[in-house]
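Asks: I'd like to ask some things about the structure below.
Rule-based calculations on the coordinates, nothing more; no lab input. All values derive from a computational prediction rather than experimental measurement. We place every Cβ from the backbone using ideal geometry, glycine too, and count neighbours over all the protein chains shown.
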Amino acid sequence: MLTLFNTLSRKKEEFHPIHKDYVGLYTCGPTVYFFAHIGNLRTYVFEDLLKRVLLFNKFKVKHVMNITDVGHLTSDADEGEDKMLKGAKREGKTVWEIAKFYEDAFMKDMEKLNMLMPDIKCKATDHVQDMIDLIKRLEDKGMTYIANGNVYYDIMKFPHYGVLARLNMEELRAGARIEIDEHKRNPHDFVLWFTKSKFENQEMKWPSKFGVGYPGWHIECSAMSMKYLGEHFDIHCGGIDHIPVHHTNEIAQSEGATGHKWVNYWMHGEFLVMDKGKMSKSSGEILTLNFVQSKGYDPLDYRYLCLNTHYRTPLTFSFESLDAARSAFRGLKNKIIEFRKNQDKHDKSSDANIIIIEKYNADFIEAINDDLNMPKALAVLWSVVRDKDLSDKEKLHLIFEFDKVFGLDLVNVAEETIEITKDIQELVDQRQEARKKKDFKKADELRELIKEKGYSVDDSKDGIKVKKI
Ligand code: AMP
Ligand code: ZN
């Protein structure tokens, strides 16, 4: 039985899908104005693990992910600059060029991290009419008002506003006295359609009955998820920062328009934090997957790191912890190579082992079905690796089966995976630094030194490959 922690109830609940034949899963996608940072990617890894656990449980999954290419301001409420415009100004390109470039970059990151692709990937700019239609429905129900040309959602018209975040309606009412946007009746009201404010240099705009304008960020997820998954679906995910504003507002829009429950299970991933605190794209200090790769790590080292911490626990990132993850992951890959070599040599598979195998399978399923307890599932994997009774063939079979959930691409582990000692790794890192500073002379000297110690370094497009000569 699969149990998942539902943010709505703040409890683990048994999972039962609405439809027999599929699970409807909506994951809030990236705002494509810059590279995703590894914090964002932690959330996408968590969502990928969820999807893989559902598939492992033999559910079919209909996964929809949006691409936000319009309407997201630098604050999740309606404050600040348009993120897409910010990207366009930074790079001297059009917002459309920015959106295309960073969407492609994001898809590459997903591939590098061995994530399963969504069944439907939908861009906000391709669905503006759906958003306008949804705003009209809300307008017909009297849940909107127009101020300064913008269409606002009136949260006081939705009695359940804030249930997800456990906001107190009385406090919200009182909060009305500390207005930020003078056009809002309540500070928690939010824009559904912009026609006046935040309009300077706005390139993306569409005609509508409310005037030429563009949609707010929250309406896109309500409109697109309902278009593809229906007005009542199973699971909606994102990072924990989405609980108080984005997802709260999505619920207000969708349930306000339909008059009934929208999503059964809300799931949220905890943040990846730096030693210094939260990592955010807008603060400018971000670590991308490309940067991590340029330091000589395999993207899957990062995936392995994510598996080590439960998705509802904050993960403090440091290169030391990534080193430890890389080392453990390399150890695992080397074991696979060893098992592969030996599997036919001394095959001691036996019927007695069936019971052991069943126990490992049961422990694994228990771990993943307990709200995706990956650290525990990883411990089961390591017990299999170290088991004294199982044959190498039996071990490989179990490992590859478990990897359908971990997604570490273990079936494709190549022969050249090697354990590199700390001093070689340091030389490889120094060489990388030298290359970055365009000090190719030093980089070549370091390559020679690494060679003298018995290793070769290759700079492929997938990162640096170190091999034993
Ligand atoms: P954005 O592109 O800003 O809309 O964010 C994409 C996803 O990353 C959302 O689900 C966010 O909740 C999530 N997110 C943002 N920052 C972090 C972080 N530091 N750690 C984990 N997830 C994050
Ligand atoms: Zn969303």
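Asks: With 37 Å as the cut-off, how large is the P(r) tail for the chain, expressed as percent of Cα-Cα pairs?
Replies: Numbers: 37758 of 109746 pairs.
Above the 37 Å cut-off, the chain has 34 percent of its Cα pairs.
Asks: A further question follows. Could you sort out which of Lys20/Lys51; Lys335/Lys393; Lys141/Lys261; Lys141/Lys196 sit more than 20 Å apart by Cα distance in this structure? Let's see the in-between values first.
Replies: Values: Lys20/Lys51 17 Å; Lys335/Lys393 12 Å; Lys141/Lys261 17 Å; Lys141/Lys196 23 Å.
The pairs that break the limit, which is 20 Å between Cα atoms, are Lys141/Lys196.
Asks: Show which aspartates and glutamates lie in cross-link reach of Lys451 when reach means a straight Cα distance below 15 angstrom and same-chain residues fewer than eight apart are skipped.
Replies: Cross-link targets: Asp423, Glu426, Asp429, Asp459.
Asks: Reachable aspartates and glutamates from Lys100, Cα under 17 Å, same-chain residues fewer than 8 places away excluded?
Replies: Asp69, Asp82, Glu91, Asp109, Glu111, Asp126, Glu203
Asks: Estimate the FRET efficiency between Asp429 and Lys100 by the formula 1/(1 + (r/R0)^6), using the beta-carbon distance for r and 35 Å for R0, to the nearest 0.05.
Replies: On the way: r = 34 Å, r/R0 = 0.96.
The computed FRET efficiency comes out at 0.55.
Asks: Which residues among the stretch 310-351 fall inside the zone where the amide N is under 20 Å from a point 7 Å beyond the Cα of Val411, along Cα→Cβ?
Replies: Taking a point 7 Å out along Cα→Cβ of Val411, the residues of the stretch 310-351 whose backbone N falls under 20 Å are 332-344.
Asks: On a straight-distance basis, which aspartates and glutamates could pair with Lys404 in a cross-link, Cα separation under 15 angstrom, same-chain partners fewer than 8 positions away excluded?
Replies: Those aspartates and glutamates meeting the cut-off are Glu47, Asp48.
Asks: Over all Cα pairs of the stretch 17-269, how is the pair count split among 10 Å bins, expressed in % and running from 0 up to the last occupied bin?
Replies: Here the calculated profile for the stretch 17-269 is 7, 31, 37, 21, 4, 0.
Asks: Also: Which net charge results when you count Lys and Arg as +1 and Asp and Glu as -1 among the other residues whose beta-carbon is under 14 Å from that of Ile368? Let's see the in-between values first.
Replies: Values: positive: Lys12, Lys51, Arg52, Lys58, Lys376, Lys404; negative: Asp48, Asp363, Glu366, Asp370, Asp371, Glu401, Asp403.
For residues surrounding Ile368, the net value is -1.
Asks: Past the 26 Å Cα-Cα mark, which pairs from Lys58/Lys388; Lys112/Lys376; Lys333/Lys376; Lys83/Lys123; Lys441/Lys465?
Replies: Details: Lys58/Lys388 31 Å; Lys112/Lys376 24 Å; Lys333/Lys376 19 Å; Lys83/Lys123 15 Å; Lys441/Lys465 20 Å.
Lys58/Lys388, as the Cα separations exceed 26 Å there.
Asks: Given bins 5 angstrom wide, list per bin the percent of all Cα-Cα distances in the stretch 277-412, short to long.
Replies: 2, 9, 17, 20, 18, 13, 9, 6, 3, 2, 1, 0
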